[in-house]
Amino acid sequence: TCALPISDAEGLARTPDGGWLVSFERQHRIWRYPSLEGTPIAVNIPGDFGRQPYNGGVEALTVLPDGRIVALSEEYSERPGTVAGWIGTPTGRGSYTWQSFAYTTLPDFRPTAIAQLPDGSFAAIERAFDIVRGVRCRVMRFESAQLQPGGTVQAEELARLAAPYTVDNLEGLAATKGPRGETLLWLISDDNFH
């Protein structure tokens, strides 16, 4: 028999002090790496973090300039039509206080990445997959004012990627300013060794 891995790294975010946060599925947790060569330190997590499905944990993870963490579960839901999200505010003692919010989803589409845009709003990738239609992705955007403890984010669709267009298992997102001041979104796929 083959045991499933318990270290399924999914989300990656740079902290303002140059460290890195990594979220893991299966054994749901967030680790902080002070540097790429450093020894990780476990980040305290919300009480309900462990309720996420085995392979449906936090893939969408970002850190804001003030050090707050924004995390979206791929599958954990407390209300139909949404998935759970958390905002972690640094306490100044190396830990975080956590508050939850909900993120509205369509059937089959689940968040796999989130990033703050240069104007302060947010972009997210939502992915769907089935054997007949293959991979489909939605690129979403929402204003930062929607990101409130106890609130519900309702993002707008910017683009839908599906066959016959080239689309892959998109699980990473970054945003930068282009040479003319335009916002550029960088999407990266997990090719699952294909």
Exercise. Which of (1) part of a loop (DSSP other than H, G, I, E, B); (2) within 17 Å of V22 (Cα to Cα) is the odd one out, the single condition P53 does not satisfy?
Worked result: (2)
Exercise. Among the residues of the stretch 108-143, which ones are among the aromatic types (F, W, Y) and either assigned to a loop (DSSP other than H, G, I, E, B) or open to solvent by 40 Å² or more (accessible area, probe 1.4 Å) (or both)?
Worked result: F109, F129
For this session: Pairs only if they're at least six apart or on different chains, beta carbon under 9 angstrom, first in the stretch 59-81 and among the aromatic types (F, W, Y), second part of a loop (DSSP other than H, G, I, E, B) and buried (at least 24 other Cβ atoms within 10 Å of the Cβ); list them, first residue then second.
Result: Y76/G57
Seminar exercise, completed: The condition of being among the acidic types (D, E) and within 19 Å of T152 (Cα to Cα) holds, among E37, E10, E25, E75, only for E75
Exercise. Considering the stretch 161-192 alone, what residues qualify as being open to solvent by 70 Å² or more (accessible area, probe 1.4 Å), over 18 Å from E59 (Cα atoms) and part of a loop (DSSP other than H, G, I, E, B)?
Worked result: A163, P164, Y165, T166, P179, R180
Exercise. Among the residues of the stretch 51-107, which ones are surrounded by fewer than 22 Cβ atoms within 10 Å (Cβ to Cβ), closer than 14 Å to P149 by Cα and of a type in the set (G, A, S)?
Worked result: S100, A102
Exercise. Among S100, S95, which is the only one that is of a type in the set (S, T, Y) and at pLDDT 95 or above?
Worked result: S100
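Would you confirm whether any residue within the stretch 29-46 is over 23 Å from D119 (Cα atoms), of a type outside the set (A, V, I, L, M), under 14 Å from the mean Cα position of the chain (by Cα) and open to solvent by 60 Å² or more (accessible area, probe 1.4 Å)?
The answer is no, given that none of the residues of the stretch 29-46 is over 23 Å from D119 (Cα atoms), of a type outside the set (A, V, I, L, M), under 14 Å from the mean Cα position of the chain (by Cα) and open to solvent by 60 Å² or more (accessible area, probe 1.4 Å).
The values are calculated or read from the model by the stated rules, or taken from the named source; none is laboratory data. Values in this document were obtained by computation on a predicted structure and should not be read as measured data. For neighbour counting, all protein chains shown are included, and Cβ atoms are generated from backbone atoms with ideal geometry for every residue, glycine included. Accessible surface is based on the protein model in full, side chains and every heavy atom, while ligands, DNA and RNA are left aside. Shrake-Rupley method; radii C 1.70, N 1.55, O 1.52, S 1.80 Å.
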